[in-house]
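The values are calculated or read from the model by the stated rules, or taken from the named source; none is laboratory data. Worth saying up front: this structure is predicted, and the values here are computed from it rather than measured. A quick note on method: Cβ atoms are made from the backbone with ideal geometry, for glycine too, and the neighbour counts reach across all protein chains shown. These accessible areas exclude ligands, DNA and RNA; they are computed on the full protein's heavy atoms, side chains included. Shrake-Rupley method; radii C 1.70, N 1.55, O 1.52, S 1.80 Å.
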Amino acid sequence: MELSGGEIIVQCLKDEGVEHVFGYPGGAVLHIYDAIFKQKDVKHILVRHEQAAGHAADGYARATGKPGVMLVTSGPGATNAVTGIATAFMDSIPMVVLTGQVPTPVIGSDAFQEVDTVGITRPCVKHNFLVKRLEDLAETIKKAFYIATTGRPGPVVIDIPKDITDPGIKIPYSYPSKVKMRSYNPVIKGHLGQIKKAVKIMMEAERPVFYTGGGVVLDDAAKPLTDLVDTLGFPITQTLMGLGAYPGSGKHFLGMLGMHGTYEANMAMHETDVLIAVGARFDDRITGHVKQFCPDATIIHIDIDPSSISKNVRVDIPIVGPVKQVLKDMLKVINEGEMNPKKQALKQWWEQIEKWRSMDCLKYDQTSDLIKPQQAIEVLHKVTKGDAYVTSDVGQHQMFAAQFYRFDKPRRWINSGGLGTMGFGLPAAMGVQMAFPKAEVAVVTGESSIQMCIQEMATCLQYELPIKIILLNNGCMGMVRQWQEFFYESRYSQSGMGVTPDFVKLTESYGHVGMRVEKTKDLEGAMKEAFSYKDRLVFLDVVVDPTENVYPMIAAGKGHHEMYLSPGSELV
Amino acid sequence: MRHIISILMENESGALARVANLFTARGYNIESLTVAPTEDQSLSRMTLVTRGSDEIIEQITKQLNKLIDVVKLVDLTEGGHLEREMMLIKLRAERTQREEIKRLVDIFRGKIIDVTDTSYTVELTGAASKLNAFVEAVDEELIIEVVRTGPSGIGRGPKGLGL
């Protein structure tokens, strides 16, 4: 079979099993778009801004576990895509990004719509390529998928000069069935000796706690994790990225940890003697002040990426390997061994945890006439029976969703944890809804975040994506305002967002259903109505109490035992 | 502590930029960096001199290993190793100073490779510390220009860093 470069790209995607490509055409990728036009297997979704193509491909990948694919043109197409790429990179999301480039002979001449895409994206990709010969194209695409999806996943950029895709030049095509790279060999199994050592320490633990992160979700290791935690009877806390791997309603779950984690989770971290970190990276939002982090703990760390080990916090027992495999091996060692957890000590530990839990750190005023954002999330949970895919933007609404939706399944909670990208939620939801057309997909957002990618409502109309946008409208950048209230003596510098469009009318002008709710008593009815439109996008503008803050809160650089709790609690 | 890290990389365009980028992005120091192809045209060999605590050096080697183009690397400072750097140094050499400079070059086992009425250009090879010692031994006012390659290193013994 003889194919041109443009046709090779499309054929490679087909052979790789790619069904959806999110993108936006332009000069440098016209040949590729012509090849897309001539076939039906690979569906192209036309976004309205390249940033959204990135987030949509990313959301698709997070929900399905398959690599997300995007296609953009050179120059501004590529630079607009960078936010999407960096977002995926920070959360280790597998993605293949095809960018057009000016023709090879004019590279470096400051040609129209030329940027050094490989240079610009280098710090925020797992790897990138510039294709210089048509003969290398298919192999490069194969390598990109291989690198993106193996080891610690991440985005891979392939920059393709226009002359490489010239329809007039055809070469024989075959897609490589395998790829081997002498410089890239991800670990496929954890060291059994280390696993046994870790199990021994776990069995001697008196105040153990599991701390698990996005790596568990990425490696589809929810089942072995849940089995392990329930077998041992240890408490577990999960990071923002890890939510849903162990069920939110599970009896050993302490809630999220870190800056806006629960009192019981953070106190357990502070008092633990054996910390079992799984697919988590000791991010500063988790550790707080590293000197005060888990002061008494022996730390076991399971991670696929050796550079995550002892990066921020010194680890005692490192286990490098895929978390699913390692957790399974751990279960096997435990089931075949003679040792058992320390029953009596664990009983006392749980009694202590129950005392912390009885603080009820997530409580909020439920009698107010003004809708509390926490309540909006609880109602969303109720109406969707806790089974929706929930994407979010960044800020207070994100934290409320993480705290109150109690995700029971992995890959249901989709948010930009590492980079913290406002504008992520709506396009990410498009990716999720493309993958699962029948599923309920909700975007929890704020009036500031949603405006960063609001143009994507047009994309949703074009592809009939019945997403439900739940806007927690407090008229300000809530998290910025909260920090200004706490740490800048309430000087609300530029954090007000009082001037917004009429979201109901705006939604209607995009051809969707717009709704607004202002009173607590109307909230549940409105939410039910929104979700009753099975085939329509509904934008529900929920006017919430603008003074509400996210509690508990550990100020940046403080220890886990130094939390702000909600006003009215004993430990303010 | 000062460390010499030897890296074997795919000889691809951008490989050097990836290493340099890593150091600036993560705030590590590079004291010197040399790159050249090896006997295998598909590989290039890089010698990198850096400074940092044990924790930082551990992260540096891990982060370098994580780069897709890096095939192998070794921290030479962990074992016996040889280190050589070449320096070309141009010195003002007027009549009265010529003999003294010549003697100094001999002591350091250097070579004078270019001569004019008023200058010598000296080639000197050795560990970085030896080159430093030579520069210090010469009267500062006599130095016209100094060019150094940065150290290259190799492990002692019969074993080599290869595929």
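Below are the figures for this structure:
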| quantity | calculated |
| --- | --- |
| Sequence of B:T24, B:T47 when ordered by accessible area, the most exposed leading, probe 1.4 angstrom | B:T24, B:T47 |
| Inter-chain Cβ neighbour average for residues A:181-188, partner chain, 10 Å | 4 |
| The protein assembly as shown - mean residue ellipticity at 222 nm from DSSP helices (-39,500 (n - 2.57) per run, n ≥ 4, rounded to 500) | -10000 deg cm²/dmol |
| With every protein chain in place, chain A: carbon and sulfur % of accessible area (1.4 Å) | 53 |
| For chain A, share of DSSP beta bridges that run antiparallel, in % to the nearest 5 | 10 |
| Hz values of 3J(HN,Hα) by residue in region A:183-190 - Karplus curve (6.51, -1.76, 1.60), Gly and Pro given as x | 9, 9, 9, x, 5, 10, 8, x |
| Surrounding net charge for A:W349, when Lys and Arg each add one and Asp and Glu each subtract one, Cβ distance under 12 Å | -1 |
| Under-5 Å amide H pairs with A:G475, H placed in peptide plane, nonlocal only | A:E447 |
| Residues in region A:94-141 that, when all protein chains are in place, have 40 Å² or more less accessible area than the chain alone would give (probe 1.4 Å) | A:R122, A:H127 |
| Size descriptor, Kirkwood hydrodynamic radius, that averages inverse alpha-carbon separations across chain B, Å | 17.5 |
| Burial order of peptide ranges A:134-142, A:414-422, B:133-141 (average beta-carbon count within 10 Å, highest first) | A:414-422, A:134-142, B:133-141 |
| Under 5 Å, built H, 5+ apart or other chain: amide partners of A:F210 | A:I236, A:T237, A:I276 |
| Chain-alone versus full-assembly comparison, region B:1-23, residues with accessible loss of at least 50 Å² (1.4 Å probe) | B:R18, B:N21 |
| Nearest 10 degrees, 0 to 90: helix A:373-383 Cα axis against chain A principal axis | 80 |
| Rounded to the nearest 20 debye, dipole of chain B from Cβ charges on Lys, Arg, Asp, Glu | 300 |
| Vicinal HN-Hα couplings computed from phi for region A:103-118 (Karplus, 6.51 cos²θ - 1.76 cosθ + 1.60; Hz; Gly/Pro x) | x, 3, x, 9, 4, x, 9, 6, 5, 4, 6, 9, 9, 7, 4, 4 |
| Net charge contributed by nearby residues that have their C-beta within less than 15 Å of A:I469 (K/R +1, D/E -1) | -4 |
| Extension gain from B:E123 to B:N65, taking 0.36 nm per residue of separation minus the Cα-Cα distance | 17.4 nm |
| Accessible area (Å², per residue) of chain A, counting only protein heavy atoms and a probe of 1.4 Å | 39 |
| Contact surface B-A: accessible area buried, both sides summed, square angstrom, 1.4 angstrom probe | 1600 |
| Reachable aspartates and glutamates from A:K382, criterion Cα separation under 17 angstrom, eight or more residues apart if same chain | A:D408, A:E440, A:D522, A:E524, A:E529 |
| Peptide-level mean, for B:61-70, of C-beta atoms on other protein chains within 10 Å | 5 |
| Cα gyration tensor shape of region A:196-306, rounded if a/c is under 1.5, else prolate or oblate by comparing a/b with b/c | rounded |
| Amide H contacts of A:G68 (H built 1.01 Å from N, under 5 Å, at least 5 apart or other chain) | A:A61, A:M95, A:V96 |
| Nearest 10 degrees, 0 to 90: helix A:50-64 Cα axis against chain A principal axis | 60 |
| Angle in degrees between helix B:54-66 and the longest Cα principal axis of chain B, rounded to the nearest 10 | 70 |
| Local electrostatic count at A:G215 - Lys and Arg +1, Asp and Glu -1, tallied over other residues with Cβ under 10 Å | 0 |
| Cleavage-rule hits (GluC sites (Glu not before Pro)) in region A:290-360: DSSP loop, at most 11 neighbouring Cβ within 10 angstrom | A:E338 |
| Dimensionless Rg over Rh [the protein assembly as shown; C-alpha; Kirkwood] | 1.03 |
| Under Karplus coefficients 6.51, -1.76 and 1.60, residue-wise ³J(HN,Hα) of region A:158-170 in Hz, glycine/proline x | 10, 8, 10, x, 4, 5, 5, 9, 3, x, x, 10, 10 |
| Entries of A:K180/A:K311; A:K196/A:K385; A:K189/A:K311; A:K328/B:K62; A:K162/A:K534; A:K311/B:K72 with Cα pairs more than 32 Å apart | A:K196/A:K385; A:K162/A:K534 |
| Selected from A:A345, A:A376, A:L419, residue furthest toward positive end of dipole (region A:301-434; charges at beta carbon) | A:A345 |
| Residue-averaged beta-carbon neighbours from other chains (10 angstrom radius) around A:310-317 | 1 |
| Prolate/oblate/rounded label for region A:269-425 (Cα gyration tensor, a/c 1.5) | prolate |
